[in-house]
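Student: Mind looking over this structure? Questions follow.
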Amino acid sequence: MKRKVLIIYTGGTIGMEKDYETGSLKAFDFSTIANKIQEINLLDCEVGLYQFQKPLDSSDIGPRHWKKIAEIIHENYEDYSGFLILHGTDTMAYTASALSFMLRGLRKPVILTGSQLPIGHLRTDAKENLLTGLYYASYYENNEAVIQEVALYFEYKLLRGNRCMKISAENFDAFKTPNYPILGQSGVNLEVDRNVIFRPNINEAFRIDTHISNKVFLLWIFPGMNFNEVEQLMQNSEIKVLIIKVFGSGTFFSDKNIEKSLQNTRNKGIEIVVISQCISGEISVGKYDNSNIFKRLGAISGGDLTAESALAKAMHLIDNPNYHEDFATLFQRNLAGEISN
Ligand code: ASP
């Protein structure tokens, strides 16, 4: 049976070519993609295309577009075997994380890819990423999709979407999942590590939950920072979740005035989540005395979540009427393979 993959083209470098008059990169009409990558016609799967009306630099992609992508997948779920989202690399890890929480009970591959060089460039990485992305999006065995999660394919590696971070603005090898193994690798064969791929709960039917709140704030602390400003911001805003990127495995200033200021934030009902400034490893409250403040404040450990995933998870869970447990319990639960328990 011929598999069908829906390409959802949102924009980014992958869909750009050089305008020889101006010398700048600009988006081309993606429906002509088969003229640029003729190999698409040779694939053993049918390809459908949904193009964003105006291709976007991914720095302009946010909650509105995450919802739209989730809805497109929902509307086309029965008609396609898999989905390939073409997206700028800059915020791809955020979109991948958000989609992993919005697409519940997913049983088909949803793969994001893009490129560092435009498709029209002689040395482009777009061709490989797109073609192998299509392979992974149509990869079935015994009538079952091998990948049943939101993943990101880039430079020969298949990675869990909500564990990704963009680590290079220069190298083709631009993404990493520092706290999780690679899901698959493409060499001569298309490989998938069956021990690490995600499987949804078998009782959960596919549905979307596109709830997203923007009442979330991320704070990266640094030695010598002025916490009065932070307190003022917290007291005068509608923020409901404050994610703090703390040092190492969870250490923080021992200054009592700063603790008081954070206590005032908690008293206002704001949830505090702690994640690490380190790229790999996890939060371990209680390991150092300078992390015990988070126990006293009743803060939530973000474990080994990336900032991208912690933000998307908090935005999805806070005030979400579809969940009935408290935010702290939900936040610490592994919902889509994003956190190690
Ligand atoms: N600025 C571009 C974007 O993220 C970069 C890329 O596509 O790689 O949309």
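The values are calculated or read from the model by the stated rules, or taken from the named source; none is laboratory data. The shown structure was predicted, so the numbers you read here are calculated from the model rather than taken from an experiment. When we count neighbours, we look across all protein chains shown, and the Cβ atoms used for this are built from the backbone with ideal geometry, even at glycine. We work out accessible area using only protein heavy atoms, side chains counted, and drop any ligands, DNA or RNA first. Shrake-Rupley method; radii C 1.70, N 1.55, O 1.52, S 1.80 Å.
Student: Ignoring ligands, DNA and RNA, what percent of the 1.4 Å accessible area of the chain is carbon and sulfur?
Tutor: Reported share for carbon and sulfur atoms: 46 percent.
Student: Report, in whole Å, the centroid distance computed from the Cα atoms of the range 202-224 and the range 112-181.
Tutor: Cα centroid to Cα centroid, the span is 23 Å.
Student: Can you tell which of Ile208, Leu158, Val230 lies farthest toward the positive end of the dipole of the chain, using +1 and -1 charges on the Cβ of basic and acidic side chains (Lys, Arg; Asp, Glu)?
Tutor: Toward the positive end, the furthest listed residue is Val230.
Student: Quick one: order Tyr9, Tyr20, Tyr323 from most to least accessible surface, probe 1.4 Å.
Tutor: Tyr20, Tyr323, Tyr9
Student: Please tell me which of these pairs span more than 23 angstrom C-alpha to C-alpha: Lys54/Lys245; Lys4/Lys127; Lys127/Lys157; Lys26/Lys54; Lys26/Lys108; Lys18/Lys108?
Tutor: Pairs exceeding the cut-off: Lys54/Lys245; Lys26/Lys108; Lys18/Lys108.
Student: I've got another one for you. With charges only on Cβ, +1 for K and R and -1 for D and E, what is the dipole size of the range 212-341 about its Cα centre, in debye, rounded to 20?
Tutor: In total the dipole reaches around 220 debye.
Student: If the reach is capped at under 16 angstrom between alpha carbons, list the lysines near Lys256, excluding any in the same chain fewer than eight residues apart.
Tutor: Lys295
Student: Averaged per residue, what accessible area in Å² does the range 184-241 show with a 1.4 Å probe, protein chains only?
Tutor: Heavy-atom SASA per residue in the range 184-241 reads 65 Å².
Student: Continuing with this model, one more query. When DSSP assigns beta bridges and you keep just the ones with both residues in the chain, what percent turn out antiparallel, to the nearest 5?
Tutor: Just about 35 percent of them are antiparallel.
Student: With both partners inside the range 126-252, how many of the DSSP beta bridges are antiparallel, as a percent to the nearest 5?
Tutor: 75
Student: What is the helix-to-structure angle for 256-267, meaning the angle in degrees between its Cα long axis and the longest Cα principal axis of the chain, kept from 0 to 90 and rounded to the nearest 10?
Tutor: Helix 256-267 sits at roughly 70 degrees to that axis.
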